[in-house]
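Everything on this sheet refers to the single structure shown next.
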Amino acid sequence: MSQLALLRQFDAWRAEGRGLTLATVVGTAGSTYTKAGHRMLIANGGECAGLVSGGCLEADLACHAATLAETGNARLVTYDMRGEQDELFGLGIGCDGLMRILLQQLSANDAYEPLATIAEVMRGDVPAWCTVVLEDEGEIRAGTTWVDTRSIDSESPGTINTLRTRLLPLPRLLVLGAGADALPLVQMADQLGWRVTLADAGPTICSGPASVASCATLRTSLGPGITGKPADLRRSDRHEPSSGNRSHLPGCVGGIEHSVCRPFGATGPP
C-alpha cells in the first residue's frame, strides 16, 4: 500500500470516528521487509491498512493494539527472529531479522495526533522532521511526537531516546490533457502514491473511473476555456503531456517552463 492510499484510509476511518493505532517501525537489524520510519494503521476492529512485514506480524500487532485502549500508553513491541525464536513464536516470518515497532493510540479526543499532522506535511509542500520518543523520560512519555516544519536541519531534543525521520511531501504529477491515454497514466501514478493533477480545457475532464475522478483538476489561464491559479503548476514534480486537447498544450508547457517541474515525456501519437 502506498503512503497516499494509507492517508486515504486514515481519512475514511477518521471520518467514521473510529479508534486507531499507528504502528511505526522504529528499529531493525538484519533482514526485514521494512525499515525505521515505515508506518501502518490498525483500526479498532482489527482491520489493517498497510504492512510492516510480509503479512506475518500484522495479526499479532492487531492483538497488541487491542490492549492499548486499557491504558492509552504507547507500547514498544519487539520481534527478534535472528535465532530459533521463529519456531517458538509460530509467526513464520519470512526474514531473519529484528524489528521494533511502536504502537500509538489515535482517537478523536486527541484529534488523531500525531498522524493528523504527519498527514498534513505529506500532503503539503514543505518537508519536516518527525521525532518520536521511544521510552519514558521523566515527564515525557513514550509516543510523544514532535513534527518540526520550521527547519529541516533542526536537532532532536536532548539525549532522549527517540526516532527521528524526515517527512517528505508526496510527489506530484501534472498531466496536461485528459485524453484516453491519460487514464492508464493517472491510474499507475495513483497506485504509486503520486498526487495527480489533470489539466484539460475540455468538458470531459476527470469524468472517467474513480481513480481519475479522485485526482485534482487544474483549470488555469494556460489555454482557452481554462481559469484558475498557474501557481499550482509550479508545485508539480513532473509533468506529462497527453494527447487530449493538444492544441492547448503549447500554452500549458509555456506556463511551466520556468517552474520547478521536470518534464517526464509525452504520450499519444507524435
How do the pairs read when you match residues in the stretch 50-64 that are closer than 20 Å to Phe10 by Cα and touching a residue at least 24 places away in the same chain (Cβ under 8 Å) with residues anywhere that are among the aliphatic types (A, V, I, L, M) and assigned to a loop (DSSP other than H, G, I, E, B), using Cβ under 8 Å and keeping only pairs 6 or more apart or on different chains?
Gly50/Met1; Leu51/Met1; Ser53/Ile93; Leu61/Val52
Which pairs have Cβ atoms under 7 Å, sit 6 or more apart or on different chains, and link a residue in the stretch 167-187 that is at positive phi to one that is of a type outside the set (A, V, I, L, M, F, W, C) and part of a loop (DSSP other than H, G, I, E, B)?
Gly177/Asp200; Gly177/Ser242; Gly177/Ser243; Gly177/Gly244; Gly177/Asn245
For the stretch 104-142, give me each residue that is hydrophobic (A, V, I, L, M, F, W, C), over 15 Å from the mean Cα position of the chain (by Cα) and exposed (fewer than 14 other Cβ atoms within 10 Å of the Cβ).
Ala108, Ala111
Determine if the stretch 18-34 includes at least one residue that is farther than 30 Å from Val186 by Cβ, modelled with pLDDT under 90 and exposed (fewer than 14 other Cβ atoms within 10 Å of the Cβ).
yes
When you look at Asp125, is it acidic (Asp, Glu), at pLDDT below 75 and assigned to a loop (DSSP other than H, G, I, E, B), yes or no?
no
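Conditions tested, residue by residue: (1) farther than 26 Å from Glu137 by Cβ; (2) modelled with pLDDT of 95 or more; (3) not in a loop (DSSP other than H, G, I, E, B).
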position	(1), (2), (3)
Asp11	yes, yes, yes
Val52	no, no, no
Cys56	yes, no, no
Asp60	yes, no, yes
Cys95	yes, no, no
Leu98	no, no, yes
Glu113	no, yes, no
What tally of residues in the stretch 62-76 results from selecting those that are part of a helix (DSSP H, G or I) and not charged (D, E, K, R)?
7
Is there a residue in the stretch 13-25 that is part of a helix (DSSP H, G or I), within 18 Å of the chain's Cα centre (by Cα) and closer than 18 Å to Pro114 by Cβ?
yes
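The values are calculated or read from the model by the stated rules, or taken from the named source; none is laboratory data. The structure presented is a predicted model; accordingly, all values stated were derived computationally and were not measured. Heads up, the Cβs are rebuilt from the backbone with ideal geometry, glycines too, and the neighbour counts pull from every protein chain shown.
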